[in-house]
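The values are calculated or read from the model by the stated rules, or taken from the named source; none is laboratory data. Just so it is clear, the structure is predicted and the values come from calculations on it, not from any experiment. We place every Cβ from the backbone using ideal geometry, glycine too, and count neighbours over all the protein chains shown.
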Amino acid sequence: MDKSHCAMIDMVFELEGEALPTSYPFALWNELVRCAPQLANDDLVGIIPLRTAESGEKVLLPKRAKLAIRLPQALAEIVSGLSGRELDISGNTLRLGTGRPRQIQFHSTLYAQLVTGADDEASFLKEMQAYLDAMSIQAGLICGRRRVLSDNGHTLSGHSLAIYDLAPEASLHLQSAGLGAGRRFGCGIFMPYKIISGLE
């Protein structure tokens, strides 16, 4: 199995802000690339979706919000230079605190808010199983609700997805590589999901 996960980490920034448009991932990526252009040159760079609460056409940020960027460790020093920067997200201001590295840890159950793929649930699950087979990963899949992320110029659609009964090596590999397209916009990036009961 690919050992690329050994060189992947999350850079985590404290975040100050109040609200963002629901399509914020596109503007957030553009602002991060404006501040650190090298990010655009590596397809492994991904922005972990922010924890937010929906409120109409906006999402609200909690007081202890954090921005986490999953990236090759070789980019950590460049990305740490984002500390203290102010980002303009479609007219909404985000201020970044100090960036700190966080190692990717093994978890047997992982969850992604949106993995791009077929709109039909059965077709989507077949597609995801094919991805896992190609990665030599054996695990269980639970498809969540269909999700769409869009702004004036982009549309990404798919489903939320939980993957469980992962072996340690497979878990680390999946967190590092992700699934599907749109990684820079938060799609296909897996995080620990500690409660599996009730998903089925």
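So which of G144, G182, G158, G188 is touching a His at 6+ places or on another chain (Cβ under 8 Å), closer than 27 Å to T22 by Cβ, modelled with pLDDT of 95 or more and not hydrophobic (A, V, I, L, M, F, W, C)?
Residue meeting the stated conditions: G144.
When you look at I47, is it touching a residue at least 60 places away in the same chain (Cβ under 8 Å), closer than 18 Å to H154 by Cβ, out of contact with any Cys (no Cβ under 8 Å at 6 or more places or on another chain) and of a type outside the set (K, R), yes or no?
In short, yes.
For the condition of a type in the set (G, A, S) and within 13 Å of L179 (Cα to Cα), what is the one hit in A139, A130?
After applying the criteria, what remains is A130.
Which condition number in (1) crowded, with 17+ Cβ neighbours inside 10 Å; (2) not assigned by TED's automatic domain parsing to the domain that holds G188 is the one that L149 fails?
It is condition (2) that L149 fails.
Quick grid of which residues meet (1) surrounded by 13 or more Cβ atoms within 10 Å (Cβ to Cβ); (2) farther than 28 Å from P168 by Cα; (3) of a type outside the set (V, I, T):
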{"residue": "V12", "(1), (2), (3)": "yes, no, no"}
{"residue": "L15", "(1), (2), (3)": "yes, yes, yes"}
{"residue": "L20", "(1), (2), (3)": "yes, yes, yes"}
{"residue": "E31", "(1), (2), (3)": "yes, yes, yes"}
{"residue": "G56", "(1), (2), (3)": "no, yes, yes"}
{"residue": "Q73", "(1), (2), (3)": "yes, no, yes"}
{"residue": "S83", "(1), (2), (3)": "yes, yes, yes"}
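What number of residues in the stretch 87-103 are more than 10 Å from G17 (Cβ to Cβ) and either touching a residue at least 12 places away in the same chain (Cβ under 8 Å) or not small (G, A, S) (or both)?
9
Enumerate the pairs (first residue in the stretch 51-74 and on the phi > 0 side of the Ramachandran plot; second residue anywhere and surrounded by 14 or more Cβ atoms within 10 Å (Cβ to Cβ) and at pLDDT 90 or above) with beta-carbon separation below 9 Å, excluding pairs fewer than 6 apart on the same chain, so at least 6 apart or on different chains.
Within 9 Å, the pairs are G56/T22.
Report whether or not G117 is modelled with pLDDT of 95 or more, buried (at least 20 other Cβ atoms within 10 Å of the Cβ), in the same structural domain as S157 (by TED's automatic domain parsing) and within 30 Å of D133 (Cα to Cα).
yes
If we scan the stretch 108-124, do we find a residue that is within 22 Å of Q38 (Cα to Cα) and within 17 Å of the chain's Cα centre (by Cα)?
no
Any residue in the stretch 168-195 that is under 21 Å from S157 (Cα atoms) sitting within a Cβ distance under 8 Å of a residue that is among the hydroxyl-bearing types (S, T, Y) and surrounded by fewer than 20 Cβ atoms within 10 Å (Cβ to Cβ)? List the pairs, counting only those 6 or more apart or interchain.
Filtered contacts from the stretch 168-195: A177/S4; L179/Y131; G180/Y131.
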